[in-house]
Amino acid sequence: MKKPIIFITTNKAIIVRNLFLNKHIDIIKEKFDIVIFTSHYKDNEFLKHFKGYNIEKLHQIQYPKFKKKMLALFKSFHKGLIYNPTVELATLYGTWYSGVARGDVKFKFLRIFIQKYIFGTILNNTFCRDLFKSIDRLIFRCYKYDAIINKYRPELIMITNISDDMEIDLLRNCKRKNVKSVAMTKSWDNVSKWSFREKADKFMAWSDYMKDETLQFQDYKAKDIEIIGIPQFDYYKNLVIPAKDEFMEKYKMNQNKKTIFFGSEGPVCTSDPYIVSFLKQKIKQGVLKNYQIFVRPHFSYKGDEDRFKNLVDNITVFMDLDYKRSNFKDKTELSLSNVVNLTSGIVHSDIAITNASTLVLDIAANGKYPILYNFDEDKSIPFKDSTKRLYKSLWMREILKMNLDNLVDNEKELIAKIKEVENNQNFKKQELENLVKRFCYKVDGKSGERLFQFIEKQAKKI
């Protein structure tokens, strides 16, 4: 008997890794045939992992010049139809999280007035957001996939990145053909950045925090949101990582020394190398006794490792370079060896340091206390270029409410916090558990199971 069909989109390597390499996908594969839509449908590395799947092209629809400008305008409207501290940062300082050099924003006060008081107040409501979605949907209708939908007749489509325009086009085409739909976002911090251009029948949230933001900013009803956990965090429970001595041997580190894990956030945080340099100096001076540093670059940024190369001496400072970038835009490696390295680096460390990064959750999910530095090498740097601006986003404000007391505002506080934590590996244990519960739901290795069980349930609904 022929199995029913489910469409799943994936245009990011990180989603390929987190969902399709998750063992729980077998729940769906046993009962449904899966058709994967991706713009990387000819990528040899991708195809090597997915033999036996039906692979279809995810199209970039080409619009005439005038309609392209209209689309850009509508996307600006969608971005403007919510207002919160994250949006305010983008309005004041441009693409604040892009990691690229930013000039001064022109007409700053006019922009903030329009954003805050017209879009963010008068138009910041469900009616206006739904109205703009309806107009957007009417103008940018999609018929591109009619033949494929008729060919497969899917029970359901799962959108893995509701922010992606190509995935939105396929979703709209499927909705017009009365195909049931579920959606999620690619990262835990996307929901509060802009109003999504389209809605699915159901939304899968990673946590209570994401559900709260989805209710507030994306106008789903509570009954249409399912909390599943964070699928990629399943690996923190299900993967077998090397023992400490084996891990230390791999990177030629001294297993008798205490290890500081330092997680880079890429060029968006220009002071990352300074922090490593400062810690290296304090180790050599004996202020931090018997320590070594393990640097984890942000591999999505090409060349991020170059920022630390002059600091690596393989005596005090070591760096994870065991990574193979994929051909996908986000460059995430299409294997789990990278996850093993990350997990091992955190688990086998004594101290974990990063900044306003999503690594906060990875560190906490692995039972470690994340120290967040909140200062720059250049003390006169403008706020728009300072590390400090990153802590003003909505989600970082929420993290800082969790009573972890983990924000350090200068070099002296950083050293003091390291010494406070080094002698107490259960430091702020309850607060860490509260953070994980609020932002990760459950780190039990079963988020993928909950996700695919929910998809199965929705696909079988009449």
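For this structure, a couple of remarks:
- Label zone at Lys429 (point 7 Å along Cα-to-Cβ), backbone N below 19 Å, the range 221-245: none
- Angle in degrees between helix 337-347 and the longest Cα principal axis of the chain, rounded to the nearest 10: 50
- DSSP-loop trypsin sites (Lys or Arg not before Pro) across the range 337-443, with at most 14 other Cβ within 10 angstrom: Lys379, Lys401
- Computed from label points 7 Å out along Cα-Cβ, the spacing between Lys177 and Tyr53 is 1.9 nm.
- Cα gyration tensor category, rounded, prolate or oblate, for the range 239-440 with a/c compared to 1.5: rounded
- When the chain is reduced to its Cα atoms, the Kirkwood hydrodynamic radius in Å: 23.6
- Least to most buried among Ser134, Ser386, Ser380 (fewest other Cβ within 10 Å first): Ser380, Ser134, Ser386
- Summarising the label geometry, the points placed 7 Å from Cα in the beta-carbon direction at Glu30 and Asn150 lie 3.6 nm from one another.
- Backbone phi angles across the range 424-439, fed through the Karplus curve with coefficients 6.51, -1.76 and 1.60 (θ = phi - 60°), yield HN-Hα couplings of 8, 5, 9, 4, 6, 4, 5, 5, 5, 4, 5, 4, 4, 4, 6, 9 Hz in residue order; Gly and Pro are listed as x.
- Fully extending the segment from Ala222 to Asn327, taken as 0.36 nm per residue of separation minus the present Cα-Cα distance, adds 34.0 nm.
- Qualifying trypsin sites (Lys or Arg not before Pro) in the range 203-235, where qualification requires a DSSP coil assignment and no more than 14 other C-beta atoms within 10 Å, comprise Lys221.
- Fewest-first sequence of Asp146, Asp164 by Cβ atoms within 10 Å of each Cβ: Asp146, Asp164
- Out-of-range pairs (alpha-carbon distance over 25 Å; input Lys29/Lys237; Lys202/Lys331; Lys69/Lys193): Lys202/Lys331
- Ranking of Tyr41, Tyr323 by count of other Cβ atoms within 10 Å, fewest first: Tyr41, Tyr323
- Amide H to amide H distances under 5 Å link Asn54 with Ile34, Ile36, where only residues 5 or more positions off or on other chains count and H is placed in the peptide plane.
- Around the amide H of Met319, modelled in the peptide plane, lie the amide H atoms of Val295, all under 5 Å away and 5 or more residues distant in sequence or on another chain.
- Rounded to the nearest 20, the size of the Cβ-charge dipole of the chain about its Cα centre is 1620 debye, with Lys and Arg at +1 and Asp and Glu at -1.
- Structure note, pairs Lys23/Lys428; Lys75/Lys457; Lys23/Lys329; Lys324/Lys419; Lys116/Lys429; Lys48/Lys388: Cα-Cα distances above 31 angstrom occur for Lys23/Lys428; Lys75/Lys457; Lys324/Lys419; Lys116/Lys429; Lys48/Lys388.
- Dipole of the chain computed with +1 at Lys/Arg Cβ and -1 at Asp/Glu Cβ about the Cα centre; of Ala364, Leu58, Gln218, farthest Cα towards the positive end is Leu58.
- Amide H partners (placed H, <5 Å) of Ser181, local residues excluded: Ile157, Asp201, Lys202
- Proximal aspartates and glutamates relative to Lys144, as straight alpha-carbon distance under 19 Å, when same-chain residues fewer than 8 apart are discounted: Glu56, Asp136, Glu155, Asp164, Asp165, Glu167, Asp169, Glu198
- Summing Cβ point charges (Lys, Arg +1; Asp, Glu -1) relative to the Cα centre of the range 326-384 gives a dipole of roughly 140 debye.
- For the range 239-440, the residue among Asn426, Val240, Gln285 whose Cα projects farthest onto the positive side of the dipole built from Cβ charges is Asn426.
- Amide N of the range 337-359 lying under 16 Å from the label point, which is placed 7 angstrom from the Cα of Ala243 along Cα→Cβ: 348
- Scalar couplings 3J(HN,Hα) for the range 259-264, obtained by applying the Karplus form with A = 6.51, B = -1.76, C = 1.60 to θ = phi - 60°, are 10, 9, 7, 10, x, 6 Hz; x denotes Gly and Pro.
- The C-alpha radius of gyration of the range 168-263, expressed as a fraction of 2.2 N^0.38 Å, stands at 1.61.
- Dipole check for the range 109-268: with +1 at the C-beta of Lys and Arg, -1 at the C-beta of Asp and Glu, and the Cα centre as origin, the magnitude is about 340 Debye.
- Table column - 3J(HN,Hα) (Hz), the range 313-328, Karplus curve with 6.51, -1.76, 1.60, x for Gly and Pro: 10, 6, 10, 10, 10, 10, 9, 7, 10, 7, 7, 10, 5, 7, 8, 5
Each reported figure results from applying straightforward, stated rules to the coordinates on display, with no laboratory input. Worth saying up front: this structure is predicted, and the values here are computed from it rather than measured. Counting neighbours? That spans all protein chains shown, and the Cβs are built from the backbone with ideal geometry, glycine included.
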